[in-house]
Amino acid sequence: MSVVTIARQGDIATVTVDNPPVNALGLALRQGLWDAVAELDADPSVRAVVLICAGRTFIAGADVTEFGKPPVEPHLPDLVARIEAATTPWVAAIHGSALGGGFEVALGCRFRVALPDAFVGLPEVTLGIIPGAGGTVRTPRLCGVETAVEMATSGKPLRAPKALAAGLIDAVIEGDLLDGAVAFAVEAIEKPLPLPVSAREVTAPDAAFWTDAEKAVTKAAKGAAAPARALAAIRKAAEAPFTEAMDFERETFMELRGTEQAAALRAVFFAERAAPRPVALREVEPAPLRKVAVIGGGTMGAGIIAALRDAGLPVTLIEQDDAAVERGLANVAKVFDGGVKRGKLSEAQAQALKDGVTGSTVYAALADADMVIEAVFEEISVKRAVFARLGEVCRPDAVLATNTSYLDPRAIAEDLPNSDRFIGLHFFSPANVMKLLEIVPTPETSARTLATGFALGRMLKKIPVQSGICEGFIGNRILKRYRAAAEGLVRRGVPIADIDAAMRGYGLAMGPFEAQDLGGLDIAYLQREGARASGQSVPETLGDILVRAGRKGQKTSGGWYDYVAGDRKPQVSTAVAELLAAQIRPDAAMTAAEIAQTLVAEMAAEGQAILDESIAASPADIDLVKIHGYGFPRWRGGPMFANRARG
Ligand code: T1G
């Protein structure tokens, strides 16, 4: 079946694209559109053409699966130019998203109309490239340089009303898109046509604009290369003739396509889409999720409740007494009130989200719950007591989940009846923000329960990754190895501040030591002490020495660094140097690159051990955990991808 079909409505022709799943511009579609232009140009009875798509969205861009191969004619820039030069005006009718090459095709049309909830955008930088078919050259000719810079360097799409206000589209269509687009075309051809986009003027800002933009874009990019290159392409579009700017853009696009960052970002793109639907579970029916409850309204519980509410689920919060219920509801309210303060939510929206949470101290209220997520204090006896009560009141088919981050889920569910319905769901704080969800089945967990964990992950728009049972699962186990390796460098005389600076330069938001100071050294210390108390042999760490000296991090005005009251800026600490003097044997200095390479190699080595033990299913899963749970720079692909690049 052809991916492009032509129909007629009087003297308006309709070109319909149908290339599931997202009408990506693979070779067949490019050829189909190329042929459609030729056919319609040869028909003098056609006075306008409406380009519309079947399925969930307008054209979502070039076919990313073709990126690893040499481009094949008809090349996209040529197709866009062909549509732009057509004898009759084309009208792009946009629903869903017109992204990347899809938006560039729309820019080649004489007009663009869209449904109110449609988006247009240039997300290429999120794939480590820049637009390659005129996106940086035509966009500023419609909306001006500033909006074009924001779109092309951030990759963020604009919803239709904003796109209309910016001049990127010509009308928002209420009701049926095809009818609206045809009516728009009929009216448009009775008036003088606007110039093709490539023939329109663009006002070039002064040099100061570009200097400021360069600084802002580079800062926001945090080491990713493509945003600054997109900015340069837009500058060329503003300052050079159209054809020269097109050549510049294409050369840049072709160069970036082959870079390590582009390969990394493509790998992450596909891994993120594979993660929520593991192949092994595709035929397994998950439990329905209509009524969900959370036990515990502390930081984690409140975040999980907020995530459930954001997904539209009503939630029951269970706490141990009325005062704790009130505190829990207040914690949830604080999350949504924060959304109002940041302009993300209206007061009414926040109130509706709050209204969907019912607080109770009565476990019997859970008798018809489909799923209960426990988020109480990280202590095994407390958790076991909660599941003992859940085992008494909940339906035998209700999915019961623990949010433990370190404890063994098997020990928590040891006495639980129907333990096939039990699973670990490790959320990351803040649970309504962090995308990662580690899903930890026990040997008794049924396929239905596991499939329900992934279904919840999809519903909450998380990146769910299955983990086997080991201390720290995937993410915290690698974090522990990373921290131990960083302490190893300190013992070799590498300055703490150099290590943090090296990892920030590598692309992490914070280095390992400043991150511990922010989160508190005592959390990991207490876990080590707990392990020691249970008879495990846990060697003393440098962190132990600091905590025993009362240095727990920013919360005690000193950890790995000193902090001056009211100033969170870390100060190198002579007290720490004295405390650790006996542990440090100065060795050869290390460059920032050597530090980062050493520590990433340690992360990857632990990742390989995790794979060897079948704790994780693939290197891509491990990379998703580090990117979405620990801030590993996305444009490096994750520790497994980055380390593989070194062979
Ligand atoms: N190419 C190939 N496959 C794609 C694709 C693409 N561009 N986009 C999505 N898919 C697949 C995806 O892998 C998944 O497959 C299925 O479609 C559904 O995706 C020249 C060079 C459009 C907002 O970056 O943002 O154009 O797992 O789960 O949630 O300048 O897909 O089902 O087998 O994400 O409804 C620029 C990327 C490319 C858009 C829909 N375009 N896609 O979201 O579905 S570069 C993009 C998206 C470019 C030009 C340059 C989203 C979506 P499977 P999904 P969704």
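Numbers at a glance
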read-out	value
Odd one out for residue 610, checked against (1) more than 24 Å from the chain's Cα centre (by Cα); (2) of a type in the set (Val, Ile, Thr); (3) part of a helix (DSSP H, G or I)	(1)
Criterion: free of Cβ contacts under 8 Å to residues at least 40 places away in the same chain, over 20 Å from residue 94 (Cβ atoms), part of a loop (DSSP other than H, G, I, E, B) and assigned by TED's automatic domain parsing to the domain that holds residue 117 - qualifying residue of 191, 156	191
Residue among 416, 425 that alone is within 30 Å of residue 479 (Cα to Cα) and of a type in the set (A, V, I, L, M, F, W, C)	425
Counted residues, region 19-63 - those being surrounded by 18 or more Cβ atoms within 10 Å (Cβ to Cβ), within 14 Å of the ligand (Cβ to nearest atom) and not charged (D, E, K, R)	14
Qualifying residue in region 174-182 (condition: at pLDDT 95 or above, outside any helix (DSSP H, G or I), in the same structural domain as residue 125 (by TED's automatic domain parsing) and under 30 Å from residue 644 (Cα atoms))	no
Residue in region 116-127 that is among the acidic types (Asp, Glu), within 11 Å of the ligand (Cβ to nearest atom), over 17 Å from residue 51 (Cβ atoms) and in the same structural domain as residue 206 (by TED's automatic domain parsing) present	yes
Helices (runs of 4 or more DSSP H) within region 454-551 that include 1 or more residues aliphatic (A, V, I, L, M) and free of Cβ contacts under 8 Å to residues at least 24 places away in the same chain	512-519, 522-533
The lone exception for residue 72 - which of (1) of a type in the set (A, V, I, L, M); (2) at pLDDT 95 or above; (3) away from the ligand (no atom under 12 Å from the Cβ) it fails	(2)
Sole exception among (1) more than 16 Å from the ligand (Cβ to nearest atom); (2) surrounded by 24 or more Cβ atoms within 10 Å (Cβ to Cβ); (3) without any contact (Cβ under 8 Å) to a residue 40 or more places away in the chain for residue 104, by number	(1)
The lone exception for residue 426 - which of (1) over 19 Å from the mean Cα position of the chain (by Cα); (2) outside any loop (DSSP other than H, G, I, E, B) it fails	(1)
Residue check, residue 486 buried (at least 20 other Cβ atoms within 10 Å of the Cβ), within 24 Å of residue 557 (Cβ to Cβ) and at pLDDT below 95	no
Tabulated pairs, region 288-316, first surrounded by fewer than 24 Cβ atoms within 10 Å (Cβ to Cβ), second assigned to a loop (DSSP other than H, G, I, E, B) and among the aromatic types (Phe, Trp, Tyr), C-beta under 8 angstrom, 6+ apart or interchain	298/377
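The values are calculated or read from the model by the stated rules, or taken from the named source; none is laboratory data. Computed from a prediction, not measured in an experiment: that's the story for all the values here. So basically every Cβ, Gly included, is an ideal-geometry build from the backbone, and we count neighbours across all protein chains shown.
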